[in-house]
Amino acid sequence: MFSDIGALELVTLVVLAVLIFGPDKLPKVIQDVSRFIRKIREFSDSAKADIRSELGPEFKDFEFEDLNPKNFIRKQLAENEDFKELNELRSTFDLKKEMNEVADAVHGRESQPSSPSSSSAPAVTGGKPDLLKKQDKPDNAERPPYDYDAT
């Protein structure tokens, strides 16, 4: 429940509680809050039991957590054999390699295995710029052209 609260936040909450309620009233407030939470849980459990009894025996394995759309879809997909095959297929697919092969085919180059030495290849091949390779920055002596109409 409080897995995302760190130690500093917890200490801050305790100090604020002591300042707001005082050290003499704080134990009574903690008891009241815990009693309220316990009653809410009991009410929730009794409502779930009533709903299960009204649904009948065909829904004896019904879980209320399945009403959450994410959990429902995850459960349905986990039971599906096609989804398991899709996960196996996805694990064998390398998107970066496929994109490099497509880029090489578009530019008319032969497929090159990805290696660190390929980063020194020129950014322009066959008179056309390679849009996938990051262009080098111009020297400080070279200034980009200034467009008076754009300003």
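The values are calculated or read from the model by the stated rules, or taken from the named source; none is laboratory data. Just so it is clear, the model here is predicted, and its values are computed rather than measured. Quick reminder, even Gly has a Cβ in these numbers, built from the backbone with ideal geometry, and neighbours come from all protein chains shown. Only protein heavy atoms, including side chains, enter the accessible area calculation; ligands, DNA and RNA are left aside. Shrake-Rupley method; radii C 1.70, N 1.55, O 1.52, S 1.80 Å.
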Kindly provide the set of residues from segment 37-88 that are charged (D, E, K, R), open to solvent by 90 Å² or more (accessible area, probe 1.4 Å) and in contact with a helix residue (DSSP H, G or I) (Cβ under 6 Å, 6 or more places away or on another chain), ordered by number.
-> GLU65
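Would you mention how many residues in segment 109-127 are of a type in the set (D, E, K, R) and either surrounded by 11 or more Cβ atoms within 10 Å (Cβ to Cβ) or modelled with pLDDT under 65 (or both)?
Summing the residues that are of a type in the set (D, E, K, R) and either surrounded by 11 or more Cβ atoms within 10 Å (Cβ to Cβ) or modelled with pLDDT under 65 (or both) in segment 109-127 gives 1.
Of all residues in segment 60-108 being basic (Lys, Arg) and modelled with pLDDT under 80, which is nearest to the chain's Cα centre (by Cα)?
ARG74
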So which residues in segment 1-36 are charged (D, E, K, R) and open to solvent by 90 Å² or more (accessible area, probe 1.4 Å)?
-> ASP4, GLU9, ASP24, LYS25, LYS28, ARG35
